Every structure is written in C-alpha cells, then in structure tokens.
Amino acid sequence: MNALAVERHSPLPKRVDLVLIGARGRVGSAFRQRLQACHADLVRGLNIDLRLRAAMDRRGLAERMDGLDPIALDGALRPRSAGDIEALWLHLGRASSTVLIDCTASDEVAGHYPQWLRRGFAIAAANKHAGARPLAFYRDLQQAAQSTPWRYETTVGAAIPILGPLRDLRLRGEQVLGIRGLLSGSLSFLLARLHQGARFSQAVMEARELGYTEPDPLEDLGGEDVARKLLILGREAGFELEPDQIGVNPLTPIRGVSGPALEPALAAEDDAWATRIAAAEAAGQRLVVVGEVGPEGGSVGVQSLSADDALASASPRENVLQIRTALQHQPALTLRGPGAGAEVTAAGVFSDVLALAQQLAR
Ligand SMILES: NC(=O)c1ccc[n+]([C@@H]2O[C@H](COP(=O)([O-])OP(=O)(O)OC[C@H]3O[C@@H](n4cnc5c(N)ncnc54)[C@H](OP(=O)(O)O)[C@@H]3O)[C@@H](O)[C@H]2O)c1
C-alpha cells in the first residue's frame, strides 16, 4: 500500500479547489509540476482531490469548473481584464474548500489577504509582503486568520521548517531571546562566489539565472528581502516589531535599475568588492550577510566572521538559523538547509497547501 495511506476513506474523495496566483513564475511553475506529479497519490492516500480551479498572473487568467491541466496552462490563459478577479470570486461560490496560493512577490496581492480570509478562502503564501507589513495590518491579518487559515512557512528558509518550530517554542512558553542567521540563500550563494573569485556583477547575474534571487535582484542586494524575513521571524517569536525597527545596511547603493542596465551598474562595484574579500581572507575571515532580531528590533548587513563560525562555513544557497531561548542558548537551537530555489520553495508551498487541504477536508 502507498506510504501515504491513511486509516479512513470515504467513498468519494473530498475535492479542494486551488487558485494559483503567479502561475507562470518560477515557484508557481514548479508548484504546478508537483501538483501534477502528486495528484493521484493524494487521492489514493489522503482521499483528497486537489483541483487547479483557476490560475493567473499579471498577464493572464484561466478558470475551469472541473479543474485545469496544471501543465498545459499556456493555451488556457486568456488576457486579464478589468474586474476579472471579482468575477472569479463570485464563480468560486462556496469558499469553504478553496485555497488561494500566492506565488508572487506582490505587495498589492498581499494587501488583499484579510479580505480574502474573511470571505473564507484559505491562503498558502510564498510571498513575504503580508507578514512584513506594518503591525496594524499584521494584527488584522492574524485576527482574520483565526477563522480561516493562512500558512506561510516558505517565506523564511524556503522548505526548511522554521516558522512552525518557532511557533511551537512560543506556545510551550519557551521564551525566545534572539535569532541570528544566514537568511538569504541568494546572498549566501553570492558571497560564496565572491570568495571563489567571481566578480560581484557576475555573481549577481549567476544567482539570478539560477532562480535564487527575488524577481528584482536589488531587493536581495538592498537587504529588504532579509529584513522582511527578520520581521516575520521576530513576530512569530512574539516580538511586536514595526518594519522600521529592522536596520538595513545594503550591499549596494544602486536603486531602481533593471533589465540590461543592471549588470553594467553593478560592475562599477566589482573592484571594491574584490578588495573587501581580499582583506577578509588576509585576516582569516569570510564575509557573510547576517540577520539578527530580538525583542527590541533587528539588523541586516555584511559581517566579517572568523572562518570557523557556523554562519561563515555554510555552503552556497544554505540558510542557517540560530535561535536562542531561555532554555537553549549554549549552544543555540540551530536549523539549517537549502534556503533558495524554485523547486524547493514550491515543495514547501505544497506542504502548506496539503496541511490546509486536510484541514478543509475535515
Ligand atoms: N525563487 C526562490 O528561490 C524563492 C525562495 C523563497 C521564496 N520565494 C518567493 O516566491 C515568490 C515567487 O518567486 P519567483 O521566483 O517564482 O518569482 P517570479 O518568477 O518573478 O514569478 C512571479 C510571478 O508572480 C506574478 N505576479 C506578480 N505580480 C502579480 C500580480 N499583481 N497579480 C498576479 N500575478 C502577479 C508574475 O506574473 P507576470 O509574469 O505576469 O508578471 C509571475 O507569474 C516570491 O514572493 C519570492 O520571494 C522564492
């Protein structure tokens, strides 16, 4: 019998509809592949029938009552039109078994979550924006999520289970004192490549080509992406922080440059980075981008660490998280693993969707 087999089966599988936002992005596409690959096993093992009821991005929208083919989506997508999302919500009807999956990096999309949750749509998000908005929004969102669940495990550390364990620490009354870590797979890849001799501009382009950076790599280089993760982590640990309580030291002052202009703009900093790397190596150290957060706030920036520090010895793409609690501080509780990549992120999103689907199917 399949490993997913469970104790109880009803004759008809419970249908759970999925609406995928960001359907043709890197994570969204990897999610569709996984849905296709796992669908039959989930029907057999969990008695749950996940249907891709609708899919969209900024350019197109597709909807089908009996479910879209997750792989052959291009032909089904039609150009977006005004009011199409509202019309979709009306078509979806009874929302109690629908999961919205946000695979965008859009603040605008995240702004709709409280309203969507209150309409009864569960949400699984790789998008960090909702968890990193000002506290008033975050509190409203958490309140809305008390009746309909919102899961966002992949917003920090991709598929490494971090937020669930952190929540458990808080719930069991284990006071979290502070969190320190390497929270960006793309930046740990970038600095590892610099220590291997790559030029700064070249390493950024490589990270983007490999799908490790945010859609806009300047979000990684500006430190905003790590700052958002620190806010999400800090709030999960019980620290009531506003976004301006996370100090950010960007890796580059360049802002607002995209497309073909980005690489030459970054190349202007190649020599300065080569000098910094050489100075760190001469001192037996390595440069890493460290994020830290505690009850009073946090910071993100480049630090020069002794080569034997756990954060300095991480492999490219790796995330390392050290959580100090009142019970566990010497050594700190440490979680580590691959923290970037569309496929690993989509696998984590899929876990969130499965958890929600099982909850809805009950
Ligand atoms: N890649 C990773 O390693 C990784 C790791 C952890 C977390 N994440 C998170 O996963 C999310 C997706 O990342 P990605 O690498 O897949 O990005 P991506 O390849 O750029 O895809 C983004 C997708 O979102 C769509 N989109 C953007 N704004 C939208 C809007 N307002 N309405 C509807 N669709 C919209 C885009 O549509 P168009 O193409 O039409 O513009 C595109 O399909 C991000 O939040 C990222 O932080 C990624």
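Structure summary
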quantity	calculated
Residue satisfying condition, being over 29 Å from the mean Cα position of the chain (by Cα), in contact (Cβ under 8 Å) with a residue 60 or more places away in the chain and surrounded by fewer than 16 Cβ atoms within 10 Å (Cβ to Cβ), within set Ala274, Ala267, Ala279, Ala283	Ala274
Within segment 300-356, considering residues that are within 14 Å of the ligand (Cβ to nearest atom) and assigned to a loop (DSSP other than H, G, I, E, B), the one farthest from Lys128 (Cα to Cα)	Pro316
Condition broken by Gly111, with the remaining ones in (1) small (Gly, Ala, Ser); (2) more than 11 Å from the ligand (Cβ to nearest atom); (3) modelled with pLDDT of 95 or more satisfied	(2)
Sole exception among (1) within 11 Å of the ligand (Cβ to nearest atom); (2) of a type outside the set (Ser, Thr, Tyr); (3) assigned to a helix (DSSP H, G or I); (4) touching a residue at least 60 places away in the same chain (Cβ under 8 Å) for Ile101, by number	(3)
Options Asp69, Asp74; residue that is in a loop (DSSP other than H, G, I, E, B) and more than 16 Å from the ligand (Cβ to nearest atom)	Asp69
Filtered residues of segment 192-224 (kept if of a type in the set (A, V, I, L, M, F, W, C) and under 19 Å from Val156 (Cβ atoms))	Ala207, Leu221
Single residue of segment 176-213 satisfying the filter (polar (S, T, N, Q) and in a helix (DSSP H, G or I)) that is surrounded by the fewest Cβ atoms within 10 Å (Cβ to Cβ)	Gln202
Matching residues, segment 114-140, being closer than 20 Å to Asp352 by Cα and either over 23 Å from the mean Cα position of the chain (by Cα) or away from the ligand (no atom under 16 Å from the Cβ) (or both)	Pro114, Leu117, Arg118, Arg119, Gly120, Ala122, Tyr138
All positions within segment 131-170 that are touching a residue at least 60 places away in the same chain (Cβ under 8 Å), part of a helix (DSSP H, G or I) and of a type in the set (D, E, K, R)	Glu153, Arg167, Arg170
Condition met for Gly173 (part of a loop (DSSP other than H, G, I, E, B) and over 24 Å from Arg51 (Cα atoms))	yes
Subset of segment 22-36 (residues that are of a type outside the set (Gly, Ala, Ser), part of a helix (DSSP H, G or I) and within 20 Å of Ala110 (Cβ to Cβ))	Arg26, Val27, Phe31
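The values are calculated or read from the model by the stated rules, or taken from the named source; none is laboratory data. A quick note: this is a predicted structure, and the numbers were derived from the prediction, not measured. Positions of Cβ are backbone-derived with ideal geometry, glycine not excepted, and every protein chain shown enters the neighbour counts.
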